[in-house]
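Novice: One structure, as structure tokens, below. Some questions next.
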Ligand SMILES: [Zn+2]
């Protein structure tokens with residue numbers, strides 16, 4: 001697992017491992033990772049850089 005699977009969980013209020021991560025493209029054309037917090041299961045997003 002790479003660090004790309006790390007995201008910020010708004011519920012845990014800290015960076016957490018993202019499970020079931022998948023890349024998605026948002027309406028504005030930017031790519032993001034969508035997944036779930038490994039700690040609490042809350043859905044989380046991570047905006048990807050270029
Ligand atoms: Zn969490």
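Bear in mind that the values in this text are calculations on the coordinates, not laboratory data. Just so it is clear, the structure is predicted and the values come from calculations on it, not from any experiment. Please note: Cβ atoms are built from the backbone with ideal geometry, for glycine as well, and neighbour counts cover all protein chains shown.
Novice: Starting from the Cα-Cα distance between residue 26 and residue 39, subtract it from 0.36 nm times their residue separation and give me the gain in nm to one decimal.
Specialist: Between residue 26 and residue 39, full extension yields an extra 2.2 nm.
Novice: Still on this model: Any idea what the relative contact order of the chain is, in percent, if you count C-alpha pairs under 8 Å spaced at least 6 apart?
Specialist: Relative CO of the chain lands at 32 percent.
Novice: Can you give the alpha-carbon Rg of region 3-47 over 2.2 N^0.38 Å, where N counts its residues?
Specialist: Relative to the 2.2 N^0.38 Å estimate, region 3-47 comes out at 1.06.
Novice: Something else about it: May I ask you to list the residues of region 30-48 whose amide nitrogen lies under 18 Å from a point 7 Å from Cα along the Cα→beta-carbon direction of residue 6?
Specialist: Output list for this probe position: 33-40, 44-48.
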